[in-house]
Amino acid sequence: MTKNATKTANVFFQSLLRKGSFWIGLLSLSLLLLSLKEPSPRYFEILKNLEIFTSLYRQVNAHYIEETSPTQLMHKGIHAMLASLDPFTNFIPEEDIEEYRMQFLGKYGGIGIKASYAFDSSFVVTEIYDDSPIQDEEIQVGDKIVKLGDIVLDKNVRNHLALSRLIRGEEGSILSISVQRYGEDTLRHLRVRRKEINIKSVPYYGMLESTIGYIKLLSFSNHAGRHVREALRELKKQGAKQIVLDLRGNPGGLLQEAVSVANVFIPKGMEIVSSKGRTQAENQRYTTQHLPTDTNIRMVVLIDSHSASASEIVAGVIQDYDRGILVGRKTFGKGLVQTSVPLEYNARLKITTARYYIPSGRYIQEIEHARDKTARQGNKKFFTRNKRPVYAQNGISPDLEVGQKRAEIVDILHEKKILFEFATRYRHHHPKPPNLNEFSLGEAAYEDFLGFLKNYSLALGWQTPWNQLEEYLEQHSYKTPEQDTQWTQTKKILKDIQNQQLRQHKEQISQALSQVIIQHYYPTWDQVAFSLKYDKDLNKAREVLRDTARYEALLLP
């Protein structure tokens, strides 16, 4: 180390020590950087800025006009810093670690329920997992969670992570929970013993018809590959000669599980994905390690704009090796690899360390961010094993695109939880449908729904600018009594358009509402099975699998 480097290090260490033991943790980083024989100017720049930051942070906490929360202030600073890099590099504090682990391990200690906000901002139960310790009728989908332990769920508990932390806990521990059911004035008080809850990566598989099997893969958590393999073997026993693998809505997960799922259909020793990073350690090549279950069964993979990361690796591999047909819509476009790095006090850093490339050489990143512009491939042409042209166009494009697009009004009814509210009310007045396959929303029930909607403001996309303009005119006193009459007429026109939308998209709304109603009565397995009867993507997949000549033609150059 040079004399100047030694002098700089000594000054920095003495400065840190003067500031107290709170900053002593930074010494480890300093020692690491200065242990190099010839530190570059970059390392001294890091040391300099660390000292500036510690001084600034101390001064703000000591002298700002109002009391500050050191933890909140630090977390905001960290999140803002990481946001300048890419959307997938994140800081995970200790209190959020269980949520993070659950996404990848697929298990946690809890009572097996999923909860979310209702239209009125209360917390409601939206799903009860199959292996939940909750007994029948103790808690239902649609019940409002009013209290967990001694904590009342009011406006101070406003995010899903906070709610999840209250529900989850050590296996065997007791959770006191108070819920309110629709139509009841009194609360139901329960004491539930937490157990290990396993979230199934394959929530459903079954036969669509005599020779076509179907597998829904929800995530790439631990053992996803094993679960797909077991499902395929069972479907083949039932007579499956063709298979549909559904990756729609699958946000990804563990890279190794993407390799494992691909290995179910791809021979041993084949490259699945390669990664290229800043250091040699990040340059990896991932190949299949086991004998496949079936390399010949005809298959369709369903994808959409919410299929991301590991889902795109599997879909891209199937396409690049001409192993099957992709049906649906272009995927999300996430071509980055994250590594989980442990930090002090049980926190973690999820940091982007590499780009990944599928076998054809394509890099499929879509999201714009500052650090990844140099790797873009534009519309560069690549080729599959059969010499079919494919393109690096920000995601994986399907071989057959299905233009199934939900009407805006259906999305809004979902997002505002209006369908869920009506379904909760519907359950209160109707017994469980005895035959799942024959259930549909009747004409009388749809008219009841239209009446129910009169209590809600939908705020459709094209209504929002009108509402904002009216508010602006009122704030600046631009509206006259004559204009009030005109605005009243305009509102009537907008209401008429909304009613027209409700009639025009009646079929889509009825189907969506039927699925949410079934969610209130039946477990996840049955919910997925019921949803398939309305699935246009799936109908296209079945059509392709039935037509051998067309299937084979689609795989030719």
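The values are calculated or read from the model by the stated rules, or taken from the named source; none is laboratory data. Remember, predicted model here, so these are calculated numbers, not experimental data. Virtual Cβ from ideal backbone geometry, glycine too; neighbours counted across all protein chains shown. Remember, those area values only see protein heavy atoms, side chains included, never the ligands or the DNA or RNA. Shrake-Rupley method; radii C 1.70, N 1.55, O 1.52, S 1.80 Å.
Taking only the range 259-282 into account, find how many residues are open to solvent by 60 Å² or more (accessible area, probe 1.4 Å) and over 14 Å from VAL317 (Cα atoms).
The number of residues fulfilling the criteria is 5.
How about the range 404-426: which of its residues are without any contact (Cβ under 8 Å) to a residue 60 or more places away in the chain and part of a loop (DSSP other than H, G, I, E, B)?
Within the range 404-426, just LYS405 meets the criteria.
Looking only at the range 427-447, which residues are assigned to a helix (DSSP H, G or I) and either open to solvent by less than 30 Å² (accessible area, probe 1.4 Å) or touching a Phe, Trp or Tyr at 6+ places or on another chain (Cβ under 8 Å) (or both)? Lay out the reasoning, then the answer.
Start the filter on the range 427-447 by keeping residues that are assigned to a helix (DSSP H, G or I), which leaves 427-429, 436-438, 443-447.
Hits for the range 427-447 are ARG427, HIS428, LEU436, ASN437, ALA445, TYR446.
Which residue, of ILE303, ILE313, ILE325, ILE266, is hydrophobic (A, V, I, L, M, F, W, C), at pLDDT 95 or above, touching a Gly at 6+ places or on another chain (Cβ under 9 Å) and farther than 30 Å from PRO93 by Cβ?
Within the list ILE303, ILE313, ILE325, ILE266, the selection yields ILE303.
When you look at LYS236, is it open to solvent by 70 Å² or more (accessible area, probe 1.4 Å) and either on the phi > 0 side of the Ramachandran plot or in a helix (DSSP H, G or I) (or both), yes or no? Let's see the steps before the verdict.
Numbers: open to solvent by 70 Å² or more (accessible area, probe 1.4 Å): yes; either on the phi > 0 side of the Ramachandran plot or in a helix (DSSP H, G or I) (or both): yes.
Considered against the rule, which asks whether it is open to solvent by 70 Å² or more (accessible area, probe 1.4 Å) and either on the phi > 0 side of the Ramachandran plot or in a helix (DSSP H, G or I) (or both), LYS236 comes out as yes.
Of (1) in a strand (DSSP E or B); (2) surrounded by fewer than 17 Cβ atoms within 10 Å (Cβ to Cβ); (3) not β-branched (Val, Ile, Thr), LEU291 satisfies all except one. Which?
Of everything listed in (1) in a strand (DSSP E or B); (2) surrounded by fewer than 17 Cβ atoms within 10 Å (Cβ to Cβ); (3) not β-branched (Val, Ile, Thr), LEU291 misses just condition (1).
Could we say that ARG191 is open to solvent by 60 Å² or more (accessible area, probe 1.4 Å) and assigned to a helix (DSSP H, G or I) here?
It is false that ARG191 is open to solvent by 60 Å² or more (accessible area, probe 1.4 Å) and assigned to a helix (DSSP H, G or I).
Conditions (1) open to solvent by less than 50 Å² (accessible area, probe 1.4 Å); (2) assigned to a helix (DSSP H, G or I); (3) more than 23 Å from ILE303 (Cα to Cα), marked per residue:
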{"site": "GLN486", "(1), (2), (3)": "no, yes, yes"}
{"site": "LYS495", "(1), (2), (3)": "no, yes, yes"}
{"site": "ASN499", "(1), (2), (3)": "no, yes, yes"}
{"site": "HIS520", "(1), (2), (3)": "yes, yes, yes"}
{"site": "SER531", "(1), (2), (3)": "yes, yes, no"}
{"site": "ASP537", "(1), (2), (3)": "yes, yes, no"}
{"site": "ALA541", "(1), (2), (3)": "yes, yes, no"}
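If a residue must be under 30 Å from VAL124 (Cα atoms) and of a type in the set (Asp, Glu), how many such residues does the range 382-420 contain?
Count: 3.
Please list, ordered by residue number, the helices (runs of 4 or more DSSP H) wholly in the range 41-149 having 2 or more residues that are at pLDDT 90 or above.
The helices (runs of 4 or more DSSP H) meeting that bar are 41-63, 70-83.
From the list GLU408, GLU401, GLU415, GLU366, pick out the single residue that is more than 20 Å from the chain's Cα centre (by Cα), modelled with pLDDT under 90, charged (D, E, K, R) and closer than 30 Å to ASN539 by Cα.
So the residue among GLU408, GLU401, GLU415, GLU366 that is more than 20 Å from the chain's Cα centre (by Cα), modelled with pLDDT under 90, charged (D, E, K, R) and closer than 30 Å to ASN539 by Cα is GLU408.
Of all residues in the range 180-226, count the ones that are within 27 Å of the chain's Cα centre (by Cα) and farther than 30 Å from ARG546 by Cα.
Total meeting the criteria: 9.
Does the range 427-437 hold any residues that are without any contact (Cβ under 8 Å) to a residue 24 or more places away in the chain and not polar (S, T, N, Q), and which are they? Can you show your working first?
Of all residues in the range 427-437, those without any contact (Cβ under 8 Å) to a residue 24 or more places away in the chain come to 429-431, 434-435.
Across the range 427-437, the qualifying residues are HIS429, HIS430, PRO431, PRO434.
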